[in-house]
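The values are calculated or read from the model by the stated rules, or taken from the named source; none is laboratory data. Computed from a predicted model, the values in this text were never measured in an experiment. Methodologically, a virtual Cβ is constructed for each residue, glycine included, from the backbone with ideal geometry; neighbour enumeration extends over all protein chains shown. Just the protein is used for accessible areas: all its heavy atoms, side chains included, with ligands, DNA and RNA removed. Shrake-Rupley method; radii C 1.70, N 1.55, O 1.52, S 1.80 Å.
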Amino acid sequence: MGRQNVASGQQENLDVLVSTQTVIQEALEKLGYPEPVYELLKEPLRLLTVRIPIKMDDGSVQVFTGYRAQHNDAVGPTKGGVRFHPDVTESEVKALSIWMSLKCGIVDLPYGGGKGGIICDPRKMSFGELERLSRGYVRAISQLVGPTKDVPAPDVFTNSQIMAWMMDEYSRIREFDSPGFITGKPIVLGGSRGRDTATAKGVTIMIEEAAKKRGFDIQGARVVVQGFGNAGSYLAKFMHDMGAKVIGISDALGALHDPNGLDIEYLLEKRDSFGTVTNLFQNTISNQELLELDCDILVPAAVENQITRENADRIRASAVVEAANGPTTLEATKILHDRGILIVPDVLASAGGVTVSYFEWVQNNQGFYWTEEEVETRLRDIMVQGFANVYNTAQANGVDMRLAAYMVGVRKMAEASRFRGWV
Ligand code: NAD
(Lines give C-alpha, C1' and ligand atoms only; values in the text may rest on other atoms or scores of the structure.)
Protein backbone atom coordinates (compact mmCIF):
# COMPACT_ATOMS: atom_id res chain seq x y z
CA MET A 1 0.00 0.00 0.00
CA GLY A 2 1.41 3.40 -0.81
CA ARG A 3 0.38 6.96 -1.41
CA GLN A 4 1.52 8.62 -4.60
CA ASN A 5 3.32 11.88 -4.00
CA VAL A 6 2.73 13.99 -7.06
CA ALA A 7 5.72 16.27 -6.44
CA SER A 8 8.41 13.64 -5.90
CA GLY A 9 6.78 10.69 -7.64
CA GLN A 10 7.72 8.58 -4.62
CA GLN A 11 5.31 6.61 -2.52
CA GLU A 12 4.82 7.26 1.17
CA ASN A 13 4.75 3.94 2.95
CA LEU A 14 1.40 3.44 4.67
CA ASP A 15 1.84 -0.24 5.46
CA VAL A 16 1.98 -0.27 9.24
CA LEU A 17 3.83 -3.60 9.35
CA VAL A 18 6.61 -2.34 7.09
CA SER A 19 7.01 0.90 9.06
CA THR A 20 7.08 -1.00 12.36
CA GLN A 21 9.76 -3.33 11.00
CA THR A 22 11.78 -0.32 9.83
CA VAL A 23 11.85 1.21 13.32
CA ILE A 24 12.52 -2.16 15.02
CA GLN A 25 15.52 -2.66 12.76
CA GLU A 26 16.80 0.83 13.50
CA ALA A 27 16.30 0.33 17.26
CA LEU A 28 18.14 -3.01 17.26
CA GLU A 29 21.01 -1.50 15.26
CA LYS A 30 21.31 1.37 17.74
CA LEU A 31 21.37 -1.15 20.59
CA GLY A 32 24.01 -3.24 18.81
CA TYR A 33 22.05 -6.48 18.38
CA PRO A 34 23.05 -8.78 15.49
CA GLU A 35 20.86 -9.43 12.43
CA PRO A 36 19.27 -12.72 13.66
CA VAL A 37 17.53 -10.80 16.46
CA TYR A 38 15.82 -8.65 13.84
CA GLU A 39 14.97 -11.74 11.79
CA LEU A 40 13.26 -13.18 14.90
CA LEU A 41 11.38 -10.04 15.90
CA LYS A 42 10.30 -8.64 12.54
CA GLU A 43 7.26 -11.00 12.30
CA PRO A 44 5.02 -12.77 14.84
CA LEU A 45 6.12 -16.25 15.91
CA ARG A 46 2.64 -17.52 15.12
CA LEU A 47 -0.32 -16.34 13.06
CA LEU A 48 -3.58 -18.27 12.91
CA THR A 49 -6.18 -17.48 10.25
CA VAL A 50 -9.65 -18.79 10.97
CA ARG A 51 -12.93 -18.98 9.05
CA ILE A 52 -16.02 -18.65 11.21
CA PRO A 53 -19.44 -19.65 9.81
CA ILE A 54 -22.26 -17.76 11.54
CA LYS A 55 -26.03 -18.16 11.22
CA MET A 56 -27.38 -14.68 10.63
CA ASP A 57 -30.77 -13.55 11.93
CA ASP A 58 -32.35 -13.83 8.46
CA GLY A 59 -31.45 -17.55 8.29
CA SER A 60 -28.51 -17.11 5.91
CA VAL A 61 -24.95 -18.24 6.74
CA GLN A 62 -22.08 -15.79 6.56
CA VAL A 63 -18.46 -16.93 6.81
CA PHE A 64 -16.17 -14.44 8.58
CA THR A 65 -12.37 -14.35 8.48
CA GLY A 66 -10.45 -13.80 11.72
CA TYR A 67 -6.83 -13.75 12.85
CA ARG A 68 -4.80 -14.23 16.01
CA ALA A 69 -1.13 -13.24 15.97
CA GLN A 70 1.38 -14.00 18.72
CA HIS A 71 4.46 -11.92 18.24
CA ASN A 72 6.97 -13.14 20.82
CA ASP A 73 6.50 -15.16 23.99
CA ALA A 74 10.07 -15.12 25.29
CA VAL A 75 9.09 -12.77 28.15
CA GLY A 76 5.79 -14.48 29.03
CA PRO A 77 2.29 -15.17 27.66
CA THR A 78 1.24 -12.98 24.75
CA LYS A 79 -1.37 -10.30 25.38
CA GLY A 80 -3.47 -8.04 23.20
CA GLY A 81 -6.90 -7.03 22.02
CA VAL A 82 -9.34 -8.33 19.43
CA ARG A 83 -10.55 -5.84 16.83
CA PHE A 84 -13.87 -6.15 14.98
CA HIS A 85 -13.62 -3.94 11.90
CA PRO A 86 -14.26 -4.18 8.14
CA ASP A 87 -10.69 -3.00 7.38
CA VAL A 88 -8.87 -5.62 9.48
CA THR A 89 -6.03 -7.22 7.50
CA GLU A 90 -3.44 -9.89 8.26
CA SER A 91 -0.68 -7.31 7.98
CA GLU A 92 -2.42 -4.93 10.41
CA VAL A 93 -2.94 -7.70 12.98
CA LYS A 94 0.74 -8.64 12.73
CA ALA A 95 1.82 -5.02 13.25
CA LEU A 96 -0.59 -4.62 16.16
CA SER A 97 0.88 -7.73 17.82
CA ILE A 98 4.39 -6.29 17.49
CA TRP A 99 3.22 -2.99 19.00
CA MET A 100 1.80 -4.94 21.94
CA SER A 101 5.21 -6.54 22.53
CA LEU A 102 6.79 -3.10 22.47
CA LYS A 103 4.21 -1.65 24.88
CA CYS A 104 4.70 -4.51 27.33
CA GLY A 105 8.47 -3.97 27.12
CA ILE A 106 8.20 -0.21 27.65
CA VAL A 107 6.01 -0.47 30.75
CA ASP A 108 7.83 -3.61 31.89
CA LEU A 109 4.97 -6.13 32.02
CA PRO A 110 5.72 -9.89 32.05
CA TYR A 111 4.13 -10.42 28.62
CA GLY A 112 4.86 -10.57 24.93
CA GLY A 113 2.49 -9.09 22.38
CA GLY A 114 -0.53 -10.67 20.70
CA LYS A 115 -3.45 -9.32 18.70
CA GLY A 116 -6.58 -10.57 17.00
CA GLY A 117 -9.13 -9.30 14.58
CA ILE A 118 -12.23 -10.27 12.65
CA ILE A 119 -13.20 -8.72 9.34
CA CYS A 120 -16.76 -7.62 10.08
CA ASP A 121 -18.82 -4.50 10.67
CA PRO A 122 -20.38 -4.81 14.16
CA ARG A 123 -22.37 -1.61 13.53
CA LYS A 124 -24.44 -3.60 11.02
CA MET A 125 -24.87 -6.74 13.15
CA SER A 126 -27.49 -7.61 15.76
CA PHE A 127 -26.66 -8.44 19.38
CA GLY A 128 -27.34 -12.15 18.69
CA GLU A 129 -25.11 -12.21 15.59
CA LEU A 130 -22.30 -10.52 17.52
CA GLU A 131 -22.59 -13.08 20.32
CA ARG A 132 -22.43 -16.00 17.87
CA LEU A 133 -19.42 -14.43 16.12
CA SER A 134 -17.59 -13.82 19.42
CA ARG A 135 -18.18 -17.40 20.56
CA GLY A 136 -17.28 -18.80 17.12
CA TYR A 137 -13.98 -16.91 17.18
CA VAL A 138 -13.07 -18.37 20.57
CA ARG A 139 -13.91 -21.90 19.40
CA ALA A 140 -11.70 -21.35 16.37
CA ILE A 141 -8.65 -20.08 18.30
CA SER A 142 -9.10 -22.01 21.58
CA GLN A 143 -6.10 -24.31 21.00
CA LEU A 144 -3.77 -21.35 20.77
CA VAL A 145 -4.94 -19.17 23.67
CA GLY A 146 -5.35 -19.42 27.44
CA PRO A 147 -4.47 -17.68 30.72
CA THR A 148 -0.82 -18.79 30.55
CA LYS A 149 -0.49 -18.76 26.75
CA ASP A 150 -2.19 -15.78 25.13
CA VAL A 151 -4.69 -13.44 26.79
CA PRO A 152 -7.09 -11.40 24.57
CA ALA A 153 -8.74 -8.06 25.46
CA PRO A 154 -10.97 -5.39 23.83
CA ASP A 155 -9.86 -3.17 20.96
CA VAL A 156 -11.67 -1.17 18.27
CA PHE A 157 -15.42 -1.99 18.25
CA THR A 158 -15.21 -4.70 20.92
CA ASN A 159 -16.28 -4.16 24.53
CA SER A 160 -16.82 -5.79 27.92
CA GLN A 161 -19.97 -7.63 26.73
CA ILE A 162 -17.99 -9.26 23.92
CA MET A 163 -15.23 -10.16 26.41
CA ALA A 164 -17.88 -11.75 28.67
CA TRP A 165 -19.20 -13.98 25.84
CA MET A 166 -15.65 -14.95 24.90
CA MET A 167 -14.75 -15.79 28.51
CA ASP A 168 -17.92 -17.86 28.89
CA GLU A 169 -17.22 -19.80 25.68
CA TYR A 170 -13.63 -20.50 26.69
CA SER A 171 -14.71 -21.61 30.18
CA ARG A 172 -17.25 -24.01 28.65
CA ILE A 173 -14.66 -25.50 26.29
CA ARG A 174 -12.15 -25.98 29.11
CA GLU A 175 -14.88 -27.02 31.58
CA PHE A 176 -13.68 -24.70 34.36
CA ASP A 177 -14.19 -21.05 35.10
CA SER A 178 -11.34 -19.15 33.39
CA PRO A 179 -11.59 -15.43 34.13
CA GLY A 180 -7.84 -15.02 33.43
CA PHE A 181 -8.38 -16.09 29.80
CA ILE A 182 -9.40 -12.58 28.78
CA THR A 183 -9.32 -9.04 30.18
CA GLY A 184 -11.66 -6.08 29.84
CA LYS A 185 -14.52 -8.12 31.34
CA PRO A 186 -17.45 -6.62 33.23
CA ILE A 187 -16.60 -6.18 36.93
CA VAL A 188 -19.08 -8.88 38.02
CA LEU A 189 -17.16 -11.42 35.93
CA GLY A 190 -13.74 -10.52 37.31
CA GLY A 191 -13.04 -7.31 35.44
CA SER A 192 -10.75 -4.77 37.06
CA ARG A 193 -11.89 -1.47 38.43
CA GLY A 194 -10.49 1.26 36.22
CA ARG A 195 -10.08 -0.90 33.07
CA ASP A 196 -12.67 1.09 31.04
CA THR A 197 -10.82 4.31 31.59
CA ALA A 198 -7.29 2.89 31.71
CA THR A 199 -6.11 3.84 28.23
CA ALA A 200 -7.41 7.40 28.59
CA LYS A 201 -5.98 7.67 32.11
CA GLY A 202 -2.59 6.54 30.80
CA VAL A 203 -2.75 9.10 27.97
CA THR A 204 -3.69 11.79 30.52
CA ILE A 205 -0.62 10.92 32.60
CA MET A 206 1.50 11.15 29.42
CA ILE A 207 0.03 14.58 28.67
CA GLU A 208 0.92 15.70 32.20
CA GLU A 209 4.50 14.50 31.71
CA ALA A 210 4.72 16.14 28.27
CA ALA A 211 3.36 19.39 29.74
CA LYS A 212 6.09 19.37 32.39
CA LYS A 213 8.77 18.92 29.72
CA ARG A 214 7.29 21.59 27.46
CA GLY A 215 6.47 23.97 30.31
CA PHE A 216 2.78 24.48 29.63
CA ASP A 217 -0.17 24.25 32.00
CA ILE A 218 -2.95 21.76 31.38
CA GLN A 219 -5.32 24.27 32.95
CA GLY A 220 -6.50 26.32 29.96
CA ALA A 221 -4.55 24.25 27.37
CA ARG A 222 -6.35 23.78 24.04
CA VAL A 223 -6.85 20.07 23.31
CA VAL A 224 -8.04 18.36 20.11
CA VAL A 225 -9.06 14.69 20.21
CA GLN A 226 -9.65 12.61 17.08
CA GLY A 227 -12.00 9.69 17.85
CA PHE A 228 -14.69 9.63 20.52
CA GLY A 229 -14.68 5.94 21.46
CA ASN A 230 -13.28 4.28 24.56
CA ALA A 231 -9.91 6.03 24.40
CA GLY A 232 -10.94 9.42 22.97
CA SER A 233 -14.14 10.12 24.91
CA TYR A 234 -12.70 9.43 28.38
CA LEU A 235 -9.57 11.36 27.47
CA ALA A 236 -11.70 14.36 26.46
CA LYS A 237 -13.52 14.08 29.78
CA PHE A 238 -10.32 13.85 31.85
CA MET A 239 -8.83 16.84 30.03
CA HIS A 240 -12.04 18.80 30.54
CA ASP A 241 -12.12 17.86 34.25
CA MET A 242 -8.53 19.07 34.62
CA GLY A 243 -9.46 22.51 33.28
CA ALA A 244 -8.22 22.11 29.70
CA LYS A 245 -10.33 23.46 26.85
CA VAL A 246 -11.31 20.62 24.51
CA ILE A 247 -11.82 22.62 21.30
CA GLY A 248 -12.26 19.72 18.87
CA ILE A 249 -13.44 16.11 18.83
CA SER A 250 -14.37 13.75 16.01
CA ASP A 251 -15.71 10.37 15.03
CA ALA A 252 -15.76 8.39 11.78
CA LEU A 253 -18.43 10.70 10.30
CA GLY A 254 -16.92 14.12 10.99
CA ALA A 255 -15.64 16.54 13.60
CA LEU A 256 -16.86 19.30 15.93
CA HIS A 257 -14.94 22.49 16.64
CA ASP A 258 -15.56 25.27 19.15
CA PRO A 259 -12.64 27.58 19.98
CA ASN A 260 -14.32 28.35 23.32
CA GLY A 261 -14.41 24.68 24.31
CA LEU A 262 -16.99 21.97 23.60
CA ASP A 263 -19.58 20.77 26.12
CA ILE A 264 -17.93 17.42 26.78
CA GLU A 265 -20.46 16.21 29.35
CA TYR A 266 -23.26 16.73 26.82
CA LEU A 267 -21.34 14.94 24.05
CA LEU A 268 -20.59 12.00 26.34
CA GLU A 269 -24.24 11.70 27.17
CA LYS A 270 -25.21 11.74 23.49
CA ARG A 271 -22.56 9.49 21.92
CA ASP A 272 -23.62 5.99 20.91
CA SER A 273 -21.85 2.77 21.92
CA PHE A 274 -19.63 2.96 18.81
CA GLY A 275 -18.37 6.42 19.72
CA THR A 276 -20.49 8.31 17.17
CA VAL A 277 -21.88 11.73 18.07
CA THR A 278 -21.20 14.20 15.24
CA ASN A 279 -24.23 12.97 13.26
CA LEU A 280 -26.38 14.94 15.74
CA PHE A 281 -24.86 18.27 14.63
CA GLN A 282 -24.99 20.36 11.49
CA ASN A 283 -21.90 22.59 11.57
CA THR A 284 -19.32 19.85 11.38
CA ILE A 285 -15.82 19.98 9.94
CA SER A 286 -13.82 17.12 8.44
CA ASN A 287 -11.35 14.93 10.32
CA GLN A 288 -8.54 16.43 8.23
CA GLU A 289 -9.55 19.97 9.25
CA LEU A 290 -9.71 18.84 12.86
CA LEU A 291 -6.13 17.55 12.81
CA GLU A 292 -4.88 20.90 11.53
CA LEU A 293 -6.57 23.03 14.22
CA ASP A 294 -4.39 25.43 16.19
CA CYS A 295 -4.01 23.77 19.62
CA ASP A 296 -1.54 22.82 22.35
CA ILE A 297 -2.17 19.08 22.45
CA LEU A 298 -3.40 16.90 19.61
CA VAL A 299 -4.52 13.39 20.53
CA PRO A 300 -5.20 11.02 17.64
CA ALA A 301 -7.45 8.37 19.22
CA ALA A 302 -9.07 6.71 16.20
CA VAL A 303 -7.32 4.86 13.38
CA GLU A 304 -3.99 4.52 11.58
CA ASN A 305 -2.20 6.82 9.11
CA GLN A 306 -3.96 10.06 10.03
CA ILE A 307 -0.86 12.27 10.15
CA THR A 308 1.14 11.71 6.96
CA ARG A 309 3.67 13.72 5.00
CA GLU A 310 0.69 15.32 3.24
CA ASN A 311 -0.47 17.15 6.38
CA ALA A 312 2.45 16.97 8.85
CA ASP A 313 3.59 20.48 7.88
CA ARG A 314 0.18 21.87 8.78
CA ILE A 315 -0.12 20.31 12.25
CA ARG A 316 -0.19 23.21 14.70
CA ALA A 317 -0.05 21.39 18.06
CA SER A 318 2.99 21.68 20.32
CA ALA A 319 2.64 18.02 21.40
CA VAL A 320 1.07 15.05 19.61
CA VAL A 321 0.15 12.34 22.09
CA GLU A 322 -0.88 9.15 20.29
CA ALA A 323 -3.72 7.28 21.97
CA ALA A 324 -4.42 5.37 18.74
CA ASN A 325 -2.11 2.73 17.36
CA GLY A 326 -0.14 3.89 14.35
CA PRO A 327 -1.78 7.30 13.67
CA THR A 328 1.44 8.93 12.40
CA THR A 329 3.57 7.66 9.51
CA LEU A 330 7.35 7.51 9.77
CA GLU A 331 7.82 10.38 7.33
CA ALA A 332 5.35 12.48 9.30
CA THR A 333 7.16 11.57 12.54
CA LYS A 334 10.36 12.99 11.08
CA ILE A 335 8.62 16.17 9.90
CA LEU A 336 6.97 16.75 13.29
CA HIS A 337 10.21 16.00 15.18
CA ASP A 338 12.20 18.38 12.94
CA ARG A 339 9.58 21.05 13.56
CA GLY A 340 10.13 20.69 17.32
CA ILE A 341 6.75 19.09 18.00
CA LEU A 342 6.97 16.59 20.86
CA ILE A 343 5.53 13.19 19.88
CA VAL A 344 4.55 10.82 22.65
CA PRO A 345 4.34 7.64 20.54
CA ASP A 346 1.53 5.09 20.58
CA VAL A 347 3.61 2.28 22.06
CA LEU A 348 4.16 4.43 25.14
CA ALA A 349 1.10 6.73 25.27
CA SER A 350 -1.56 4.03 24.95
CA ALA A 351 0.11 1.47 27.24
CA GLY A 352 -2.34 2.25 30.07
CA GLY A 353 -4.87 -0.20 28.59
CA VAL A 354 -2.57 -3.21 28.64
CA THR A 355 -1.20 -2.17 32.04
CA VAL A 356 -4.63 -2.34 33.69
CA SER A 357 -5.37 -5.50 31.67
CA TYR A 358 -2.29 -6.93 33.37
CA PHE A 359 -3.69 -5.80 36.74
CA GLU A 360 -6.96 -7.56 35.87
CA TRP A 361 -5.12 -10.80 35.04
CA VAL A 362 -3.11 -10.57 38.29
CA GLN A 363 -6.32 -10.04 40.28
CA ASN A 364 -7.97 -13.01 38.49
CA ASN A 365 -4.97 -15.22 39.27
CA GLN A 366 -5.01 -14.14 42.92
CA GLY A 367 -8.78 -14.07 43.32
CA PHE A 368 -8.23 -10.85 45.25
CA TYR A 369 -9.52 -7.55 43.91
CA TRP A 370 -8.13 -4.03 44.17
CA THR A 371 -9.82 -0.67 44.72
CA GLU A 372 -9.95 1.92 41.96
CA GLU A 373 -7.41 4.02 43.90
CA GLU A 374 -4.97 1.10 44.05
CA VAL A 375 -5.33 0.56 40.30
CA GLU A 376 -4.80 4.24 39.58
CA THR A 377 -1.76 4.64 41.82
CA ARG A 378 -0.05 1.60 40.33
CA LEU A 379 -0.94 2.73 36.79
CA ARG A 380 0.51 6.19 37.42
CA ASP A 381 3.78 4.80 38.79
CA ILE A 382 4.22 2.52 35.77
CA MET A 383 3.32 5.15 33.15
CA VAL A 384 5.51 7.87 34.69
CA GLN A 385 8.45 5.46 34.79
CA GLY A 386 7.77 4.45 31.16
CA PHE A 387 7.75 8.10 30.05
CA ALA A 388 10.98 8.84 31.92
CA ASN A 389 12.77 5.82 30.38
CA VAL A 390 11.70 6.76 26.86
CA TYR A 391 12.36 10.50 27.28
CA ASN A 392 15.81 9.91 28.78
CA THR A 393 16.68 7.39 26.04
CA ALA A 394 15.64 9.96 23.40
CA GLN A 395 17.79 12.66 25.01
CA ALA A 396 20.79 10.41 25.59
CA ASN A 397 20.81 9.11 22.00
CA GLY A 398 19.63 12.25 20.21
CA VAL A 399 16.70 10.39 18.63
CA ASP A 400 12.97 11.06 18.41
CA MET A 401 10.62 9.64 21.04
CA ARG A 402 9.32 6.92 18.70
CA LEU A 403 12.74 5.42 18.04
CA ALA A 404 13.58 5.80 21.75
CA ALA A 405 10.38 3.96 22.71
CA TYR A 406 11.22 1.14 20.32
CA MET A 407 14.72 0.94 21.79
CA VAL A 408 13.30 0.60 25.30
CA GLY A 409 10.56 -1.82 24.21
CA VAL A 410 12.58 -4.13 22.01
CA ARG A 411 15.46 -4.59 24.44
CA LYS A 412 13.49 -6.76 26.89
CA MET A 413 12.28 -9.13 24.16
CA ALA A 414 15.75 -9.36 22.66
CA GLU A 415 17.31 -10.10 26.06
CA ALA A 416 14.67 -12.70 26.98
CA SER A 417 15.11 -14.41 23.59
CA ARG A 418 18.88 -14.40 24.08
CA PHE A 419 18.72 -15.88 27.60
CA ARG A 420 16.41 -18.62 26.31
CA GLY A 421 19.05 -19.48 23.75
CA TRP A 422 16.86 -18.61 20.74
CA VAL A 423 19.31 -16.16 19.20
P1 NAD B 1 -13.54 2.62 19.76
O2 NAD B 1 -14.07 1.64 18.79
O3 NAD B 1 -14.12 2.67 21.13
O4 NAD B 1 -13.65 4.11 19.13
C5 NAD B 1 -13.10 4.45 17.88
C6 NAD B 1 -13.47 5.89 17.58
O7 NAD B 1 -12.80 6.29 16.37
C8 NAD B 1 -14.96 6.11 17.33
O9 NAD B 1 -15.35 7.39 17.79
C10 NAD B 1 -15.06 6.07 15.79
O11 NAD B 1 -16.17 6.79 15.29
C12 NAD B 1 -13.77 6.76 15.43
N13 NAD B 1 -13.32 6.44 14.07
C14 NAD B 1 -13.39 5.25 13.44
N15 NAD B 1 -12.89 5.37 12.18
C16 NAD B 1 -12.51 6.67 12.05
C17 NAD B 1 -11.94 7.43 11.01
N18 NAD B 1 -11.65 6.87 9.82
N19 NAD B 1 -11.68 8.74 11.22
C20 NAD B 1 -11.96 9.31 12.40
N21 NAD B 1 -12.52 8.65 13.43
C22 NAD B 1 -12.78 7.34 13.25
O23 NAD B 1 -11.96 2.35 19.80
P24 NAD B 1 -10.96 2.65 20.98
O25 NAD B 1 -10.89 1.47 21.86
O26 NAD B 1 -11.22 4.01 21.53
O27 NAD B 1 -9.58 2.67 20.15
C28 NAD B 1 -9.16 3.81 19.42
C29 NAD B 1 -7.68 3.67 19.11
O30 NAD B 1 -6.97 3.54 20.36
C31 NAD B 1 -7.31 2.44 18.30
O32 NAD B 1 -6.20 2.74 17.48
C33 NAD B 1 -6.94 1.43 19.35
O34 NAD B 1 -6.10 0.40 18.83
C35 NAD B 1 -6.22 2.33 20.32
N36 NAD B 1 -6.12 1.75 21.66
C37 NAD B 1 -7.24 1.46 22.38
C38 NAD B 1 -7.09 0.90 23.63
C39 NAD B 1 -8.27 0.59 24.51
O40 NAD B 1 -8.06 0.12 25.64
N41 NAD B 1 -9.49 0.85 24.09
C42 NAD B 1 -5.82 0.62 24.15
C43 NAD B 1 -4.70 0.96 23.38
C44 NAD B 1 -4.87 1.52 22.13
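Among 278-289, 369-380, what's the highest-first ranking by average C-beta atoms within 10 angstrom per residue?
Numbers: 278-289: 13.8, 369-380: 15.7.
With the highest mean Cβ count within 10 Å placed first, the list reads 369-380, 278-289.
What is the chain's relative contact order, in percent, from Cα pairs under 8 angstrom and six or more apart in sequence?
Working: 887 pairs, mean separation 70.7, N = 423.
Relative contact order, the chain: 17 percent.
List the aspartates and glutamates whose Cα lies under 19 Å from the Cα of K245, skipping any in the same chain that are fewer than 8 positions away.
Those aspartates and glutamates meeting the cut-off are E208, E209, D217, D258, D263, E265, E269, E289, E292, D294, D296, E322.
What value in Å³ per residue do you get for the convex hull of the alpha-carbon atoms in segment 43-177?
Cα convex hull per residue, to the nearest whole number: 100 Å³.
Applying a 10 Å radius around every beta-carbon, put 74-87, 260-273 in order of their mean neighbour count, most first.
Working: 74-87: 22.4, 260-273: 14.1.
Highest-to-lowest ranking by the protection proxy: 74-87, 260-273.
Shape call for the chain from the C-alpha gyration tensor, a ≥ b ≥ c root eigenvalues: rounded (a/c under 1.5), prolate (a/b greater than b/c) or oblate?
Rounded is the answer for the chain, as its axis ratio a/c remains below 1.5.
Straight-line reach only, C-alpha to C-alpha below 20 angstrom: list the aspartates and glutamates that K55 could link to, leaving out same-chain residues fewer than 8 apart.
D121, E129, E131, D168, E169
Convex hull volume of the Cα atoms in segment 198-349, per residue, in Å³? Numbers along the way, then the final one.
Values: hull volume 14.4 nm³, N = 152.
Residue-normalised Cα hull volume stands at 95 Å³.
Would you mind calculating the relative contact order of segment 198-349 from Cα pairs under 8 angstrom and at least 6 residues apart, reporting the percent as a whole number?
Computed value for segment 198-349: 23 percent relative contact order.
Have a look at L235, A312, T65 and report the one farthest towards the positive end of the charge dipole of the chain, computed about the Cα centre with Cβ charges (Lys/Arg +1, Asp/Glu -1).
Most positive-ward Cα: T65.
Excluding residues on the same chain fewer than 8 positions from K94, give the lysines whose Cα lies under 27 Å from its Cα.
Partners found: K30, K42, K79, K103, K115, K124, K149, K185, K201, K334, K412.
What is the log10 of I(q)/I(0) for segment 331-399, computed with the Debye formula using one identical point scatterer on each Cα and no solvent, at q = 0.15 Å⁻¹?
One equal scatterer on each Cα of segment 331-399 leads to -0.62.
Quick one: compute a quarter of the convex hull surface over the Cα atoms of segment 309-365 and quote it in nm².
4.2
Based on DSSP, what percent of beta bridges with both residues in segment 198-349 are antiparallel, to the nearest 5?
If I count the DSSP bridges inside segment 198-349, around 25 percent turn out antiparallel.
D for segment 228-313, whole µm²/s, Stokes-Einstein with Kirkwood Rh over alpha-carbon pairs at 4 °C and 1.567 mPa s: what number? Intermediate values should be presented prior to the final figure.
Details: Rh = 13.1 Å.
Translational diffusion coefficient: 99 µm²/s.
What fraction of the DSSP beta bridges in the chain is antiparallel, stated in percent and rounded to the nearest 5?
Approximately 50 percent, going by the DSSP bridge assignments.
Rolling a 1.4 Å sphere over the protein heavy atoms, what is the accessible area per residue of the chain, to the nearest Å²?
With all protein chains present, the chain gives 40 Å² per residue.
Quick check: at a probe of 1.4 Å, how many percent of the accessible area of segment 341-392 sits on carbon and sulfur atoms?
Roughly 50 percent of what the probe reaches on segment 341-392 is carbon or sulfur.
Name the residues whose placed amide hydrogens come within less than 5 Å of the amide hydrogen of F64, ignoring near sequence neighbours (fewer than 5 apart) on the same chain.
Distant-sequence amide H within range of F64: I52, I54.
With a 1.4 Å probe and all protein chains in place, put Y111, Y38, Y358 in order of accessible area, largest first. Show your work: numbers first, answer last.
On the way: Y111 5, Y38 25, Y358 55 Å².
Solvent-accessible surface, decreasing: Y358, Y38, Y111.
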